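Engineer: There's a structure below that I have some questions on.
The numbers here are math on the coordinates, done by the rules we state, and not lab data. Keep in mind the model is a prediction, meaning the values are calculated, not measured. A quick note on method: Cβ atoms are made from the backbone with ideal geometry, for glycine too, and the neighbour counts reach across all protein chains shown.
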Amino acid sequence: MRLVVNANILVAALLKSATTRQILLMSGLEFCAPEHLFVEVKGLVEDQRFRRRLGLTEEDLKELLTYILQPVTFFPEKMYLSFIRRAMPLVAHEEDGPTSRAHWHWGLPSGQTMLP
């Protein structure tokens, strides 16, 4: 099964070794995300407040991030950009548009993510 994940899922997996991280890392499911999400989540490594909240050094956070992102396939925007007209009316926040366009590209109903 292929599921589209958003930043909330990836951040939750970084913040706590709990259900979200377990599903992401051990479920055997196929996860996809728009490429901008990689850049967004990777930027957290440089955020001192985020690192302090986790109690990790920059190096440790980079290692954890590599581990968390390993099961996720990132796709370039050009692959799903053509679905913007169908996706945008379905999102509550404009910044969620890329993830919704990815849903359409892979034939998934909008809102079908890893977790509710």
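Engineer: Starting from the amide H of F75, placed 1.01 Å from N in the peptide plane, find each other amide H under 5 Å away whose residue is 5 or more places distant or on another chain.
Structural biologist: Long-range HN contacts for F75: A33, E35.
Engineer: Across the stretch 25-88, what fraction of all alpha-carbon pairs, as a whole percent, falls in each successive 5 Å bin from zero upward?
Structural biologist: All Cα pairs considered, the percentages come to 3, 15, 21, 19, 16, 14, 8, 4, 1.
Engineer: Shifting gears a bit: Within 10 Å, count the other beta carbons around each residue, average over each peptide in 74-83, 24-33, and list them highest first.
Structural biologist: Numbers: 74-83: 14.2, 24-33: 16.0.
Result, highest mean Cβ count within 10 Å first: 24-33, 74-83.
Engineer: Right, something else. If you add up the charges near L65, with Lys and Arg at +1 and Asp and Glu at -1, over every other residue whose beta carbon is less than 13 angstrom from its beta carbon, what do you get? Working shown, then result.
Structural biologist: Values: positive: R21, K42, R51, K62; negative: E40, E46, D47, E58, E59, D60, E63.
Summing Lys and Arg as +1 and Asp and Glu as -1 gives -3.
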